[in-house]
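Some notes on the structure that comes next.
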Amino acid sequence: MAPPLRSLRRGLRPLTLLPGQAIETFADKLSSMGGRLSPEMARALPDSKGGEEPKDLQRWRTDAYEMFTTEIGPSKVFYSADQWVKIELMLETAGPVAISTRAEITPVLSGRGRLLITNIPIEYILPKGSRLYYAAENINRVGVKIEPIPWAEQLSLEIRRAAAALTGLPERFVTALRGPRKPDAGPPPPKTGLSSGNPLKRLTPIGKPGKML
Amino acid sequence: MTLPTQPGSPESVLGNQEYLRIFQPVLSPGDIYEIDSSTRAIYIGPNSDLAEIRLAYYDKQSRDPTLMTLADVSVNGPFVGRLDSLLATQYQGLGQPGRILAYPVDIVDPAYERPTGPTTVPARRYNVPAQIDLICALKDLPSIPEVRADRTYRFPRVPFNNDGGMDDDGSTDLVIPIYGRRMVTIQLITPVLTEHETSFFIAALQPGQPVEPKFLGSIVTPSQSVTNTQTIVYRASDQWSSRFGDGVTADPVMPTYSYTEVNQPLAPAKGLADLLIINIRPTDQDPPPGYSLVDLFIKLSDREA
């Protein structure tokens, strides 16, 4: 049943909370009014096999280690982000090492990837589901620091919820004005074919063949 | 024949080192060292006997996929800048990876033998092997010293025969690499009761032919009852404007000669060389049997003091 416009206006109070909480409140309000996520968006959400909420993902810890570019030649997957992360890389040898979120970055010095510079840290924010590739001409040492950004994932989730709710809002208005939609009557019957009572005519009539000479 | 071994570049990277160091004796003039890691600077290390080393690398700037570019590295001329070892890139038509190669520019003769006459052949010869010390900076660009560390050799109890034999003169040759060294200090502790002569030569090697060394001078020590310490200092810039001395020859009839140098048009200097040869020869007319021993302390320096 469509919500009445008066209650909708009452529900949208001025946002006096923190931005993240405000967006969450706004998204909850809209989603309670009928906003739904597309299947693609739903697949992008964190796994909820155990029923946990996105806030539970804050238990992820910061990781730091040394990575060696032992695979030389073609590009290799360096990191696959299963959540939003901030990744900091610092080349500790002379290189050359190129990185990119695209796989086609060879040759290393071609400029298709970003060349790491010795002793200069470089920082990226990787969204969930993205991958980082590297390509190297020899064995190098790269210092890696990975920090999870769970609030970015929550924020992304809330923004998507809000966007989904806002895109569904005109439909809800129209539904509220026109009343509930009639149930579908199914597809219309075909207008051609044998089952329609209007069979196709043959272009060449079927007749008895003549006598062969 | 044992091929030269060298530390691998990947071990230095995987072992969290900040530099790759190639430090080992040079076995032949054809030794080539492979560097599999890119570097930020290549320079001569503190313990190197060699003063000049040549680099050959794949040059991305040349646009010629068959060109190998050369660069020389010397004690006061390091290669500063990123030099890539491109293992995934191959020279066109060769299939060889574009790694960095290093080899000595200085001529190395591990078995140098001083040319002598038939009766002045030394009974013994010791060749001190030349060391290569090449440092490749992997991470930080260091403050590179343009001088090698002083090199000290201590040779206690160097023997020489008190009398010549059938095929030799009983002497001992000591061949020391001094590539590009500018100053040599020698402390010579002589034995007792044996008259002997210590001669000093320098040799600038040439490819493919025996090199006659340059005679610097000699010291004749008479038979004494106590040991004596003599000090010899040789600087590359020492002038020979007027000098008297005795030289040795390859002529068996006249093995020594006296010479005088005065007012030459170009002031001759001792100069730089590759090898220092010290010959200790018995000169006793009535030699005691057996052999005698000399203690040598030799200090090489890149700077004159």
message = Considering only residues that are closer than 21 Å to B:TYR19 by Cα and either within 11 Å of chain B (Cβ to nearest Cβ) or outside any loop (DSSP other than H, G, I, E, B) (or both), which ones fall in segment A:116-143?
response = A:ILE117, A:THR118, A:ASN119, A:ALA136, A:GLU137, A:ASN138, A:ILE139, A:ASN140, A:ARG141, A:VAL142, A:GLY143
key: Number of the exception - B:VAL184 against (1) away from chain A (no Cβ under 14 Å); (2) under 30 Å from A:ASN140 (Cβ atoms); (3) buried (at least 18 other Cβ atoms within 10 Å of the Cβ)   = (2)
key: Tally, over segment B:145-171, of residues that are surrounded by fewer than 16 Cβ atoms within 10 Å (Cβ to Cβ) and of a type in the set (Val, Ile, Thr)   = 2
task = Pull up segment A:101-126, narrow it to residues that are hydroxyl-bearing (Ser, Thr, Tyr) and surrounded by fewer than 18 Cβ atoms within 10 Å (Cβ to Cβ), then point me to the one that is farthest from A:PHE68 (Cα to Cα).
result = A:SER110
ask   = Of all the residues that make up segment A:121-137, how many are small (Gly, Ala, Ser) and under 10 Å from A:ILE99 (Cβ atoms)?
value = 2
ask   = Out of the residues in segment B:84-108 that are assigned to a loop (DSSP other than H, G, I, E, B) and buried (at least 20 other Cβ atoms within 10 Å of the Cβ), which is farthest from the other protein chains (Cβ to nearest Cβ)?
value = B:VAL108
request  = Go through B:GLY117, B:GLY81 for me and flag whichever is more than 23 Å from A:LEU115 (Cβ to Cβ) and surrounded by fewer than 17 Cβ atoms within 10 Å (Cβ to Cβ).
outcome  = B:GLY117
request  = Give the residue, chosen from B:ASP64, B:ASP133, that is surrounded by fewer than 20 Cβ atoms within 10 Å (Cβ to Cβ), away from chain A (no Cβ under 14 Å), of a type outside the set (Lys, Arg) and in contact with a Gly (Cβ under 6 Å, 6 or more places away or on another chain).
outcome  = B:ASP133
task = Could you please find all residues in segment B:22-41 being more than 10 Å from chain A (Cβ to nearest Cβ), surrounded by 15 or more Cβ atoms within 10 Å (Cβ to Cβ) and part of a strand (DSSP E or B)?
result = B:ILE22, B:PHE23, B:GLN24, B:TYR33
note = Residue hits (segment A:61-100; touching a strand residue (DSSP E or B) at 6+ places or on another chain (Cβ under 9 Å), part of a loop (DSSP other than H, G, I, E, B) and more than 27 Å from B:ARG40 (Cα to Cα)) are A:ARG61, A:THR62, A:ALA81, A:GLN83, A:TRP84
Selection status of B:GLY45, modelled with pLDDT under 90 and either exposed (fewer than 15 other Cβ atoms within 10 Å of the Cβ) or under 15 Å from B:ILE135 (Cβ atoms) (or both) = no
note = A:ILE72 vs (1) under 30 Å from B:GLY15 (Cβ atoms); (2) more than 14 Å from chain B (Cβ to nearest Cβ); (3) at pLDDT below 85: all pass except (2)
remark   = Restricting segment B:48-61 to residues that are more than 18 Å from the chain's Cα centre (by Cα) and not hydroxyl-bearing (Ser, Thr, Tyr), the one surrounded by the most Cβ atoms within 10 Å (Cβ to Cβ) turns out to be B:LEU55
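The values are calculated or read from the model by the stated rules, or taken from the named source; none is laboratory data. Note that the structure is predicted; figures quoted are calculated from it, not measured. A quick note on method: Cβ atoms are made from the backbone with ideal geometry, for glycine too, and the neighbour counts reach across all protein chains shown.
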